[in-house]
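Here is the structure we will look at.
Computed from the coordinates by the stated procedures, all read-outs in this text should not be read as laboratory data. All of these numbers come straight from a predicted model, not from anything done at the bench. Positions of Cβ are backbone-derived with ideal geometry, glycine not excepted, and every protein chain shown enters the neighbour counts.
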Amino acid sequence: DSSVCAPLAVLGRDVTVPLVTGGEVTYAALDYAASAPALQRVWDDVAAYAPYYGSVHRGAGYLSQLSTDLFENSRTTVAEFLDCREDDQVVFTRSTTDSLNLLAAALPADCQVFVFETEHHASLLPWRDARVTYLNAPRTPGEAVRTLERALADRDPHGPALVCVTGASNVTGELWPVRELAAAAHAHGARIVLDAAQLAPHHPVSVRELDVDWVAFSGHKLYAPFGSGVLAGRSDWLRAAEPYLAGGGASRKVARRPKEAGGGVDVEWHDTAARHEAGSPNVIGVYSIASACKALTEAGFDELVARERHLIRTVREGLAEVPAVRVLSLFGDDAPRVGVISFVVDGWNSSHFAAALSAEYGIGVRDGLFCAHPLVRTLLGGESDEPGECGAPEAAPGEKSLNAIRVSFGAGTPDEHVERFVRAVK
Ligand code: PMP
């Protein structure tokens, strides 16, 4: 498709799917916020490397050494992609969820955590063993900053504290005022971790410019396949913490303890990123993340952002012409956003609507509460937290919907996919 910037072409452009109405159509992947298709470039890089991959940090053979080099160089690539500080650490994990759980496991004793109730469950839930303050849903970015400032002003100023915030919402696509929230956190002696799962695939993320202490993101949303993720940032808390997983690779030295000292083993753990990467790492996953970071850096975000703005406008203007559609928004129509848009259709069960988009038009979207139940319920105006994500009954015309439909896109999305989506909704 000529509307797609060539270096950011993705896999799956020619995949056809059957329609219930008969015949086939090319698949319109409009669920990037769940998992984005891989960049063709990433796939090519992985295919070129695959015959050579070997064990990392564990082999004397040439291919093991080659893989170890590529694995360690991938840290540098990711650190450059995120514009990390000199002494930041890049830890490879399985996903954003894994990264945030790792940080939660590394919190210093008595750490207070501040998190908006609007967060994705991956950023909302890992802190439950700490003292958590859940902040109310703000209705403007400014209110978010004031809410955080008020909460931090009340905290015990001597103990450690962490703020966790998303960069771009996986429900509304809206950008959060990360730099301002980081400034507020630091002014009150707290640290901040940025959940960049939805931000990094659409916008440059600079650790230095945003002045955040950590960033977490997932490869499978950043146009890289396979189960890998990143936690990048300050090394002190991570170095002081018990290893996330105990095992080979995390330990520098393991020695038998003398019988007279009670027996057993003594362990010295690494104090580098390896401390939290026990076990044989996902070398292909890590390589594919680094490849995606390189591809995005080389292509630059300007064209991606401009194209996405055009696609967002097409979808929003199209939806605005359908009176039964209500687009969900926390910060209002003019808020800057990425290509993630959720909506409800008056009189329709969202799950049926999404199923019809798939069966009748070959369009893949998502329906439900998007692992952000409190936020979606706030946006739907529901008083109650029931029922659950599945089995929501049909909403009669004029009644409130109980779940929503989400359309999301990014690098490699051709105009035709969003145009077909708008036509289908109409
Ligand atoms: N945070 C946000 C904002 C997300 O959208 C997601 C995925 N939907 C996650 C965290 C979790 O990412 P993963 O499933 O890759 O761990």
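Data overview
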read-out: Cα gyration tensor shape of the chain, rounded if a/c is under 1.5, else prolate or oblate by comparing a/b with b/c; value: oblate
read-out: Pairwise centroid distance, computed over Cα atoms, of the stretch 270-305 with the stretch 325-373, Å; value: 30
read-out: Charge dipole of the stretch 44-298 about the Cα centre (unit charges at C-beta), most positive-ward option of Asn282, Ile192, Gly247; value: Gly247
read-out: Gained length - Arg131 relative to Ala355, 0.36 nm times residue gap less alpha-carbon distance; value: 76.5 nm
read-out: Unit charges on C-beta of K, R, D, E only; dipole of the stretch 44-298, Debye; value: 580
read-out: Prolate/oblate/rounded call for the stretch 110-184, Cα gyration tensor, a/c under 1.5 rounded; value: oblate
read-out: Given charges at Cβ of Lys, Arg, Asp, Glu: the chain dipole, positive-most of Val345, Ala6, Leu319; value: Ala6
read-out: Phe301-Lys253 FRET efficiency (beta carbon distance; Förster radius 41 Å; 0.05 resolution); value: 0.40
read-out: ³J(HN,Hα) computed for each position of the stretch 241-252 - Karplus, 6.51 cos²θ - 1.76 cosθ + 1.60, integer Hz, glycine/proline x; value: 7, 4, x, 4, 10, 8, x, x, x, 8, 9, 8
read-out: Amide H contacts of Val10 (H built 1.01 Å from N, under 5 Å, at least 5 apart or other chain); value: Gln40
read-out: Unit charges on C-beta of K, R, D, E only; dipole of the chain, Debye; value: 660
read-out: The chain - mean residue ellipticity at 222 nm from DSSP helices (-39,500 (n - 2.57) per run, n ≥ 4, rounded to 500); value: -10500 deg cm²/dmol
read-out: Cα shape, the stretch 44-298, gyration tensor, a/c 1.5 rule; value: oblate
